[in-house]
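Participant: Let me begin by handing over the structure; questions about it come next.
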Amino acid sequence: MLPLVAGALLLALCAPAAAAQPSQLPSVQRQSAESIKAAESIKAAESAKSVESVAVSEIAEQLKQSPVYVDAGYRAQVSDAQQRKLARQIEKTGVNLKVVLVTFRSEDRWGGDAKQFAGALRDRLEVADDEHLILLTPNSWYGKSISGFEWPDDNRYDANYAAMAVSVRHDEKSMPMADQVRRAVEIIDAGTGMREYEKAREDNPFKYSTGGRDGGGPGAWLVAGLVALVLVLAGLLGWALWRRRRTGAGLAKLPQHVYLAARAADEDAVRRRAQEEVLALGESVRDHRPAGAGPGAPNSSGTSGTSGASADDTAALRLALDAYDSAGRVLDAAGGLPDLVGALALVIEGRDALTAEDRQRRGRRTGGAGAAARLPAHRLPLCFFHPLHGRAHTRVHWRALGSREALDVAACKECASAVRHRRVPEALTDRYRGRSVPYFDVPAEQSLWAATGYGSFGDEPLAVRVQRGDFTRAAAARARD
């Protein structure tokens with residue numbers, strides 16, 4: 001039934017658009033269209049090459065020189081002169097704002113997700129928890145408009161709403177990318193993101209340009225067809241869920257839609273990203289170690305580990321070494337997405353340790369009391385519910401449906417808001433006994449990630465537990481089950 005409905009709607013969408021076109025293009029127009037397509041293909045190939053060849057560490061390094069980074073895929077849209085003009089505009093605002101125009105694809109290291117990319121870039125920029133940062137990037141799936149990300153308080157400048165306001169205007173007027181960024185920076189500087197977004201929606205409530213004709217153009221048909229398709233799909237989904245509940249199928253601690261939530265990140269893309277991040281952490285650790293340092297000192301767990309720590313290494317540097325070694329072990333033995341995410345969590349832990357090492361070195365140089373003897377305050381780990389959402393923003397008290405025990409967990413803003421409004425947060429899923437379940441529903445003795453919440457539970461670093469063998473024992477217990 002569903003394929004028939006979708007097919008009928010697609011025919012309805014295509015018919016008016018086809019009727020509005022001439023039956024044949026003149027030969028000159030045909031040649032022009034073919035030339036444009038060929039140029040777009042070349043541009044897409046260049047973009048794909050550039051986004052795969054530039055590491056986040058390189059982008060972070062270049063952002064130290066200029067607040068604007070543009071990859072090969074966007075240089076035709078944002079010239080060098082426009083980049084310099086944008087950089088001057090940003091510097092005048094006094095806001096810690098970076099513009100990063102890179103091409104996203106579903107098969108890239110971020111799974112085509114701008115939010116994942118922005119979170120990873122923020123970590124690589126090594127900003128403090130309380131240091132404000134705004135990133136403007138292309139939209140994940142569209143690429144022709146922009147998205148805004150802001151930490152730690154996304155209400156301070158309303159960067160997300162500023163970007164959405166510009167995107168609405170782009171749909172209406174097809175603004176060039178350089179103009180979109182310029183306008184978004186203006187709105188962020190004025191702090192009127194929410195107001196501008198609401199005004200843009202009021203001015204353009206699903207009104208699409210019809211080229212000066214009356215309202216019966218392809219745009220109107222497109223909106224009507226999409227609305228009809230959404231209503232049909234929603235009705236079918238509601239009927240299916242009602243039927244499942246009537247038959248008692250799928251009963252569990254959490255609503256079924258959590259278990260059926262699609263894995264937003266492609267596993268192969270996450271694996272590639274984890275490999276690159278582990279290698280980059282290794283390079284950073286090497287750069288931080290004293291010249292001539294050799295192995296032999298105990299690791300951060302107090303045992304004589306194999307991470308290559310030296311007697312000359314500080315506690316923070318030893319933890320970074322253990323995190324690097326542990327991330328490599330987990331990555332090599334990864335049996336699925338939860339393990340790959342665990343490798344990324346260990347990389348974050350290692351980078352936090354290197355940030356602590358840098359602060360200690362600054363303290364020792366300035367003679368700060370006790371600077372060399374203690375670690376700085378612990379940064380929040382990745383989001384407990386779905387670690388690919390990025391680093392947590394706050395801690396929340398959460399109780400799973402059907403459970404009496406409330407847990408104190410780290411959560412990103414999206415998941416924290418869901419908990420506050422009594423909605424079920426999106427959860428990273430794992431396979432357990434042939435079913436897809438939230439990773440934290442796997443028995444703790446069979447999953448290090450369920451036992452630790454990727455760092456939400458306990459004060460012991462993940463690297464210490466991997467070095468102690470907890471990850472290996474949990475994997476073995478699961479294999480026996």
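The values are calculated or read from the model by the stated rules, or taken from the named source; none is laboratory data. All of these numbers come straight from a predicted model, not from anything done at the bench. Methodologically, a virtual Cβ is constructed for each residue, glycine included, from the backbone with ideal geometry; neighbour enumeration extends over all protein chains shown. When the accessible area is computed, the model is the full protein with side chains, heavy atoms only, and any ligands, DNA or RNA have been set aside. Shrake-Rupley method; radii C 1.70, N 1.55, O 1.52, S 1.80 Å.
Participant: Restricting attention to the range 154-168, and to residues there that are outside any loop (DSSP other than H, G, I, E, B) and of a type in the set (S, T, N, Q), which single residue is modelled with the highest pLDDT?
Facilitator: Result: Asn160.
Participant: Something else: Any chance the range 49-59 includes a residue that's assigned to a loop (DSSP other than H, G, I, E, B), within 18 Å of Val181 (Cβ to Cβ), at pLDDT below 95 and open to solvent by 10 Å² or more (accessible area, probe 1.4 Å)?
Facilitator: no
Participant: On to the next question. Out of the residues in the range 432-465 that are crowded, with 22+ Cβ neighbours inside 10 Å and touching a Leu at 6+ places or on another chain (Cβ under 7 Å), state the one that is nearest to Pro387 (Cα to Cα).
Facilitator: Tyr454
Participant: Return the only residue of Ala356, Ala372, Ala418, Ala392 being at pLDDT below 90 and open to solvent by 30 Å² or more (accessible area, probe 1.4 Å).
Facilitator: Ala372
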